[in-house]
């Protein structure tokens, strides 16, 4: 069976991994090619991702299906492909916005409530600025660029996998039994209702700050998260703007991100700005992901701001569609544009 995957971001690479792994287990012979317009893997939305594998935090503002699928991603990134650090997530709020923290706690689960001493035991650098936190101990985080490079390296070592970088898939002959389209926003002409949501981020370096896990600070207008990276930098993100302008980072957004980071720790005001960036996240009207089947072509899309959180569960389902002709209503059915509630999901 010949299979082509278009796109070497988180979605495309996890789909390739699942196909190779499941085909081996079933004794199936497949030939897999991964076609990517960029010169290397993970150069699209994945390049600017936060890398938080945080299903319980995301439940605060998403449908239940996101937490259900995200729990599968936790297992993938920490057990199946153990490259994520499972140190949990912290959610904090300034004293004037403590009501936001209470509301957050009412909409989520799988957390412990920490007082100032409990917070200081986990992150001493935060105890002077916050009187407590919500601690989501089971969550994890990873470095997105290292994760996509690692996945691409594993796949490149497989005898039946070929990468084609710097190639537009539209220029290649269609000689495949299956095509998995994982192009994200670039697939907009092919998917009705797909839109772009712009996200901007920055990477800061400071020798005066020590954080071991992602920190989300709640704010009525400018919520922010800070994710520590292995090289001693911090990713600060991210804006969510309803437009489809990919590259331009605005001064207003940078000011908001810096001010919010400064509220988490004053030393961020003197941090070195290492990098800024933006891209457009692919989203449907309900901000939920979908697998869309068109004959022997599958579109894996609509991951919104949950690329690394939702790629593994979508990938495993897509692989089973290809290899087993399986069907998953929780990601393939539509009901007036809305996905089915998690209570109706079947494995």
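Before moving on, here are some points about what is shown:
- Efficiency of FRET between residue 326 and residue 128 - r from beta-carbon atoms, R0 51 angstrom, step 0.05: 0.45
- For the chain, built as a Gaussian network whose Cα springs stay under 10 Å, the top-fluctuating residue of 237, 88, 118: 118
- For the chain, the longest principal axis of the C-alpha atoms and the axis of helix 10-26 are separated by about 50°.
- Under a Gaussian network description of the chain, with springs only between Cα atoms under 10 Å, the residue in 317, 290, 106 that fluctuates furthest is 106.
- Note on residue 102 and residue 212: their simple-model spin labels are 3.1 nm apart, each label 7 Å out from Cα toward Cβ.
- Residue order, fewest to most beta carbons within 10 Å, for 182, 176, 45: 176, 45, 182
- Contour excess over end-to-end distance, with Cα ends at residue 61 and residue 242 and 0.36 nm allotted per residue: 63.5 nm
- Here the sum of -39500 (n - 2.57) over DSSP H runs of 4 or more residues, divided by the residues of the chain, equals -8500 deg cm²/dmol at 222 nm, to the nearest 500.
- Cα long-axis angle, helix 251-264 against the chain (0 to 90 degrees, to the nearest 10): 60 degrees
- Each part gets one Cα centre, and for segment 274-299 versus segment 107-148 those centres are 29 Å apart.
- Computed over the chain: relative contact order in percent, which uses C-alpha pairs under 8 Å that are six or more apart: 24 percent
- Distance between the pseudo-spin-label points of residue 75 and residue 296 (7 Å out from Cα toward the beta carbon): 3.2 nm.
- Segment residue 221-residue 146, extension gain: residue separation times 0.36 nm, minus the distance between their alpha carbons: 23.8 nm
- Pair residue 334, residue 1: separation of 7 Å Cα→Cβ label points (nm): 2.6 nm
- Helix 64-75 vs. the chain, principal-axis angle (Cα, 0 to 90°, nearest 10): 80 degrees
All of the numbers you see were taken from the coordinates with simple rules; none came from a lab. What you see is a predicted model, and the numbers here were worked out from it, not measured in a lab. Cβ sites come from the backbone with ideal geometry, for glycine too, and all protein chains shown count toward neighbours.
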